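Worksheet: one structure, shown below.
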Amino acid sequence: MSTVIKGGTVVTAGDTFPADVLIEGEQIVALGQGLSGDKVLDASGAYVIPGGIDVHTHLDMPFGGTVSSDDFFTGQRAAAFGGTTMHIDFSIQPKGASLRETLDIWQAKATGKAVIDYGFHVAITDLSEALLEEMAHCAEYGVTSVKLFMAYKGALQVDDMTLFRAMQQAAKHKLLIMVHAENGDAIDVLIKDALAADQLAPKYHALTRPPELEAEATARAVRLAEVSGAPLYVVHLTNAGALEAVRLARARGGAGHIFAETCTQYFFFTKDDLAREGFEGAKWVCSPPFREKHDQVALWQGVADNSLQAVSTDHCPFWFDGGKDGRTAGKELGKASFAQIPNGCPGIEERLMLLYTHGVRTGKLSLNRWVELCSTNPARLFGCYPQKGAVAPGSDADLVIWDPEAKRTLSAATQHQRTDYTLYEGWEVVGAPRTVLSRGQVLVDNGEWKGEAGAGRFVHRRPFGL
Ligand code: URP
Ligand code: ZN
Ligand code: ZN
């Protein structure tokens, strides 16, 4: 059975051109004029882009005394509604577990639920000699990126020796090291100081995690990566100081092995959002926290000049009003103290629409750069290009027919993310998916869900640079 997407403008990271796209089974087989197929999808007046790839998500993740509220069905369905057709989720090592056991736990969460294709990073929290040796098998597992947390003391944080040893092993086996770069030790002191001073409101979450402590950890991770020879990807970078550390490293010869992403939300909010009336600010509690207006300007500059190579979401939703009516516990856990608010925000659904509206339509990003940041670079960096992230013969037909004039109002009432709020309540976006396909199958058509639980597949990724 073949499908032809007719009359659209294909937009890739490198090109924009009018073409029909012919799909046979799960793959693109031809681009050209006047193509025909068994089924026709109309793309007139629309762009045809590779589906979004979100390399930073936390579905069904135990964290902060609860579990994130989207599972692999609800989270992936929300992703598809927003034009994202692949994501890479963090499988977090329970202390003492092997990497294989860790991945099996996360695979079980996805099996039978997945609706789009997905991969896993493995996050090391407890590095034994056996685990170091097991890193040699990551490529066989199809999991070629390894995350370490430099923050969350007493929970996920590792020390520098652990980070460095993991980097040395990653360098040997062509694994991409990912870091959550904040100085967790200093933050721990600041949190204890705040609690002792009875400073308990949500805004103290941001005040106890100042930008300097992210800039310091970023510079440290970069230097350790340089010494070890490991390729490095800094996740959820938020501020000008941290960006400077990445920019300097890339300028002194690291452009091929030092990378960083920011996340959608950091373009739009500041630490003042955590000081909203009453407990409302808890909705904006995530780590690293929101910063200042001038940091937003730096991030836009960073994505434009390629100091930042990708934009992800760090989708880690919690209910605002949870713990009842079948809801997992959520932000309400931290009513008495900011230190107990589960860290994380929803966003897997809105990324492409927000970056199109506020990036492409304002001239901050070209159409091609938007595709590159949201799809092609993630695929390249994480070892699945051109299977993913491309509109080309031989690539998976993960495609979005993007209507550049479609208007939507973002709202908790209409979103597909399983949570009771969105950071963007009432925001208007212009530009949205009309039709979304995963390996040739229509998942979303004009706002209607057509997908099937269990159809999403694990993507076996190549080692870094291969
Ligand atoms: O606040 C956040 N970002 N929660 C998810 C875990 C992490 O640090 O990425
Ligand atoms: Zn993090
Ligand atoms: Zn995260």
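The values are calculated or read from the model by the stated rules, or taken from the named source; none is laboratory data. Treat the numbers as computed from the prediction; the structure is a model and nothing was measured. Note that we place each Cβ from the backbone using ideal geometry, even for glycine, and neighbour counts take in every protein chain shown. Side chains are part of the model used for accessible areas, which takes the heavy atoms of the whole protein and leaves out ligands, DNA and RNA. Shrake-Rupley method; radii C 1.70, N 1.55, O 1.52, S 1.80 Å.
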Next on the checklist: Return the pair list, or none, for Cβ contacts closer than 7 Å from residues in segment 232-246 that are among the small types (Gly, Ala, Ser) to residues that are within 16 Å of ligand 2 (Cβ to nearest atom) and part of a helix (DSSP H, G or I), at least 6 apart or on different chains.
Outcome noted: 241/211; 241/215; 242/214; 242/215; 242/218; 245/215; 245/218
Item to check | Selection count, segment 342-354, where residues are over 19 Å from residue 285 (Cα atoms) and in contact with a strand residue (DSSP E or B) (Cβ under 6 Å, 6 or more places away or on another chain) | outcome: 2
Item to check | Per-region count, segment 373-388, residues within 21 Å of residue 43 (Cα to Cα) and either among the hydrophobic types (A, V, I, L, M, F, W, C) or open to solvent by 10 Å² or more (accessible area, probe 1.4 Å) (or both) | outcome: 1
Next on the checklist: So, in segment 249-302, how many residues would count as being outside any loop (DSSP other than H, G, I, E, B), within 16 Å of ligand 3 (Cβ to nearest atom) and among the β-branched types (Val, Ile, Thr)?
Outcome noted: 2
Item to check | Checking residue 373 against (1) over 16 Å from residue 52 (Cβ atoms); (2) in contact with a strand residue (DSSP E or B) (Cβ under 9 Å, 6 or more places away or on another chain); (3) touching a residue at least 24 places away in the same chain (Cβ under 8 Å), the condition it does not meet | outcome: (1)
Checklist entry - Restricted to segment 131-160, and to residues that are over 27 Å from residue 288 (Cα atoms) and open to solvent by less than 10 Å² (accessible area, probe 1.4 Å), which residue is nearest to the chain's Cα centre (by Cα)? => result 142
Checklist entry - Can you spot a residue in segment 311-322 that is touching a helix residue (DSSP H, G or I) at 6+ places or on another chain (Cβ under 8 Å), more than 15 Å from ligand 2 (Cβ to nearest atom), of a type in the set (Asp, Glu) and assigned by the TED database to the domain that holds residue 60? => result yes
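Return yes when residue 402 is over 29 Å from residue 144 (Cβ atoms) and open to solvent by less than 30 Å² (accessible area, probe 1.4 Å) and no when it is not. Give the derivation first.
Numbers: over 29 Å from residue 144 (Cβ atoms): yes; open to solvent by less than 30 Å² (accessible area, probe 1.4 Å): yes.
So residue 402 fits the description; yes.
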Next on the checklist: Let me confirm something: among 170, 181, 166, which residue is within 16 Å of ligand 3 (Cβ to nearest atom) and either crowded, with 22+ Cβ neighbours inside 10 Å or acidic (Asp, Glu) (or both)?
Outcome noted: 181
Item to check | Selection from segment 334-359 of residues that are outside any loop (DSSP other than H, G, I, E, B) and within 16 Å of ligand 2 (Cβ to nearest atom) | outcome: 345
